[in-house]
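Note sheet for the following structure.
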Amino acid sequence: MVPKKGWVKLNFDGASRGNPGPVGIGCCLHDEAGRELAKLAKPIGIEFNNKEEILALVEGLLLCQNRGISKLAIKGDSTIIINGLGKGSLPNWKLNVILSRALSLLKEFNKMTFNHIYREGNSKADELANAGADGQFIS
């Protein structure tokens with residue numbers, strides 16, 4: 001699904017090869033015509049699950065910030081992270097440090113929405129996250 005006119009959609013995801021295990025992040029940006037504006041796959045190292053999800057969101061927000069995007073529709077398949085954005089906190093205090101970074105970055109946007117989507121709707125970000133977990137860096 002494409003964003004509204006004048007908005008950019010950010011899909012983000014994380015992938016883990018164990019818990020803990022090698023993890024990677026992935027994110028991609030699309031405009032209202034469905035054109036890919038940017039993408040990122042990045043290996044993070046050995047981590048526990050859920051950390052890669054919030055790190056993927058932060059990296060995606062930085063991509064948007066660097067491109068001067070002001071209206072942002074955030075889509076992710078992690079209910080923990082999407083719910084955490086709404087509540088302003090996550091169940092794991094270690095992840096709240098990273099969430100606070102994401103919340104700080106969100107203040108830079110004029111308008112934004114964030115919604116949970118099913119994995120099938122997040123396939124490009126999932127593909128990129130898996131590439132990152134496999135040690136690939138794509139930008």
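Only residues that are part of a helix (DSSP H, G or I) and either closer than 17 Å to Glu52 by Cα or free of Cβ contacts under 8 Å to residues at least 24 places away in the same chain (or both) were counted across segment 107-139, and they come to 14. From the set of residues in segment 90-139 that are under 21 Å from Gly18 (Cα atoms), of a type in the set (Gly, Ala, Ser) and out of contact with any Asp or Glu (no Cβ under 6 Å at 6 or more places or on another chain), which is surrounded by the most Cβ atoms within 10 Å (Cβ to Cβ)? Among them, the one singled out is Gly132. Residues that are in contact (Cβ under 8 Å) with a residue 40 or more places away in the chain and within 18 Å of Glu127 (Cα to Cα) within segment 1-20 comprise Met1, Lys9, Leu10, Asn11, Phe12, Asp13, Gly14, Ala15, Ser16, Arg17, listed in sequence order.
The set of residues in segment 84-108 being touching a strand residue (DSSP E or B) at 6+ places or on another chain (Cβ under 8 Å) and either aromatic (Phe, Trp, Tyr) or within 16 Å of Asp13 (Cβ to Cβ) (or both) consists of Leu85 alone.
Collect the residues in segment 33-47 that are over 27 Å from Lys5 (Cα atoms) and either touching a Ser or Thr at 6+ places or on another chain (Cβ under 6 Å) or not charged (D, E, K, R) (or both), keeping them in residue-number order. Result: Pro43, Ile44, Gly45, Ile46.
Give all pairs with beta carbons closer than 7 Å in which a residue from segment 86-106 that is under 22 Å from Cys64 (Cα atoms) and free of Cβ contacts under 8 Å to residues at least 40 places away in the same chain meets a residue that is assigned to a helix (DSSP H, G or I) and of a type in the set (A, V, I, L, M, F, W, C); count only pairs at least 6 apart in sequence or on separate chains. Listed pairs, sorted by first residue: Gly88/Leu103.
Laboratory data are not the source of any read-out in this text; all were calculated from the coordinates shown. Quick caveat, the model's predicted, so the values are computed rather than measured. Cβ: placed from backbone, ideal geometry, glycine included. Neighbour counts: every protein chain shown.
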